[in-house]
Amino acid sequence: MYFSLGDLLLLAAFITLLVYWWRAQGVKQQAFVAVKKHCKEMDVQLLDEGVALRGFWCKRDEQGRLKIWRSFVFEFSSTGNERYQGRVFMLGQGIEKIELQPHRLN
């Protein structure tokens, strides 16, 4: 059985997309763990138990290497009544920063 060059390129593209998706899930999990820890430290409640990808872009790190920059959003509550939004920014697999919308204190 022989494969054409087009078949091999299609297979390579599919495998590349699969690897990217797999790694992106790992990055999303890292963002979630960091957000969960940050919310606990800030004494707020993480709502909906998850983060959602808001956007991504290519950006250089401090050493000048090109990495994927991602922005995730999440919701939290400080009193249990209101919902506020937070954001976590990741560069590659590292956390760049976590921001919480201004909110009421308990």
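Quick rundown of the values:
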read-out: Residue match in the stretch 3-15 (condition: aromatic (Phe, Trp, Tyr), at pLDDT below 95, open to solvent by 100 Å² or more (accessible area, probe 1.4 Å) and in a loop (DSSP other than H, G, I, E, B)); value: yes
read-out: All positions within the stretch 80-99 that are open to solvent by less than 60 Å² (accessible area, probe 1.4 Å) and over 15 Å from Gly50 (Cα atoms); value: Gly80, Glu82, Met90, Leu91, Gly92, Gly94
read-out: Pair list, Cβ < 8 Å and 6+ apart or interchain, from the stretch 45-59 residues that are within 13 Å of Phe32 (Cα to Cα) to residues that are assigned to a strand (DSSP E or B) and of a type in the set (Val, Ile, Thr); value: Val51/Val73; Val51/Val88; Ala52/Val73
read-out: Criterion: touching a strand residue (DSSP E or B) at 6+ places or on another chain (Cβ under 8 Å), β-branched (Val, Ile, Thr), open to solvent by less than 40 Å² (accessible area, probe 1.4 Å) and assigned to a helix (DSSP H, G or I) - qualifying residue of Val27, Val51; value: Val27
read-out: Within the stretch 60-79, considering residues that are in a strand (DSSP E or B) and open to solvent by 80 Å² or more (accessible area, probe 1.4 Å), the one farthest from Ala24 (Cα to Cα); value: Arg60
read-out: Hey, Gly50 among the small types (Gly, Ala, Ser), closer than 18 Å to Ser78 by Cα and within 19 Å of the chain's Cα centre (by Cα) or not; value: yes
read-out: Residue within the stretch 55-62 that is touching a strand residue (DSSP E or B) at 6+ places or on another chain (Cβ under 7 Å) and closer than 24 Å to Pro102 by Cβ present; value: yes
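The values are calculated or read from the model by the stated rules, or taken from the named source; none is laboratory data. Quantities reported herein were computed from a predicted structural model and do not represent experimental measurements. We place every Cβ from the backbone using ideal geometry, glycine too, and count neighbours over all the protein chains shown. To get the accessible areas, we keep the full protein, side chains included, count just its heavy atoms, and leave off ligands, DNA and RNA. Shrake-Rupley method; radii C 1.70, N 1.55, O 1.52, S 1.80 Å.
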